[in-house]
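Worksheet: one structure, shown below.
The values are calculated or read from the model by the stated rules, or taken from the named source; none is laboratory data. Note that this is a predicted model, so its numbers are computed, not measured. Please note: Cβ atoms are built from the backbone with ideal geometry, for glycine as well, and neighbour counts cover all protein chains shown. Protein only, heavy atoms only, side chains kept; ligands, DNA and RNA dropped before computing areas. Shrake-Rupley method; radii C 1.70, N 1.55, O 1.52, S 1.80 Å.
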Amino acid sequence: MRFPDKLTVVVRDRGTGLPAKGIAIVLVLFAAHKNDYSVGPLITDENGQVQVTRAECEAAIKRAQEMFIMDYSGDLESCRPVIEVRLHSPEHIGAMLQQYKQSPDFWGQGFPDPKRLFADLQNVKNADYEHARITATEEQLLANSLLELPLVKKAA
């Protein structure tokens, strides 16, 4: 996969059109063999944005391969030419927080700043929204490195 130097994802509340701050998303790179790679979770800023660089994708792949030697193979270029951006489910966030609490040295090594990430994950607003995901092809990303992920609020 040819990934752009930088990808920007804007997360918006579909009802209001406003940027959604404090939302955790995950970018999925589909491996040609074995397991797919997850980049993130990444948490939106006050403008509802996250930015992902090619270098961050390559680092996430390397960390996954180092942590789980038998489960991953290949590099960014060998991934299929499509990505998925998804709202990180509250269930996965809860599981991540529990794993990190039980073994911070192991689970923290998958992230550049684990203390900050896991502290921030405790305050995300993902539970307020329905599951959402979008896909984009390599061609789409290279033509426009801005994606929008619209979110729908859960019924009260």
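Sort out which residues of region 79-116 are within 18 Å of Thr44 (Cα to Cα), open to solvent by 70 Å² or more (accessible area, probe 1.4 Å) and not in a loop (DSSP other than H, G, I, E, B), and write them in order of number. Matches in region 79-116: Arg86, His92, Lys115, Arg116.
Within region 131-156, residues that are open to solvent by 90 Å² or more (accessible area, probe 1.4 Å) and in a loop (DSSP other than H, G, I, E, B) sit with their Cβ atoms under 9 Å from residues that are of a type in the set (Ser, Thr, Tyr) and modelled with pLDDT of 95 or more, at 6+ positions apart or across chains, in these pairs: His131/Ser89; Lys154/Tyr129. Scanning region 10-31 for residues that are assigned to a loop (DSSP other than H, G, I, E, B), free of Cβ contacts under 8 Å to residues at least 60 places away in the same chain and among the β-branched types (Val, Ile, Thr) returns a single hit, Thr16. Screening region 27-43 for residues that are open to solvent by less than 10 Å² (accessible area, probe 1.4 Å) and among the β-branched types (Val, Ile, Thr) and picking the one that is farthest from Lys115 (Cα to Cα) gives Val28. Contact list please: Cβ distance under 8 Å, first residue in region 38-66 and more than 22 Å from Gly94 (Cβ to Cβ), second residue open to solvent by 60 Å² or more (accessible area, probe 1.4 Å) and aliphatic (A, V, I, L, M), pairs at least six apart or on different chains. Pairs that qualify, where the first residue is more than 22 Å from Gly94 (Cβ to Cβ) and the partner is open to solvent by 60 Å² or more (accessible area, probe 1.4 Å) and aliphatic (A, V, I, L, M), are Gly48/Leu18.
The one condition from (1) assigned to a loop (DSSP other than H, G, I, E, B); (2) under 16 Å from the mean Cα position of the chain (by Cα) that Lys34 does not meet is (2). Screening Gln51 against (1) assigned to a loop (DSSP other than H, G, I, E, B); (2) open to solvent by 50 Å² or more (accessible area, probe 1.4 Å); (3) in contact with a Ser or Thr (Cβ under 7 Å, 6 or more places away or on another chain); (4) within 23 Å of Gln122 (Cβ to Cβ) leaves a single unmet condition, (1).
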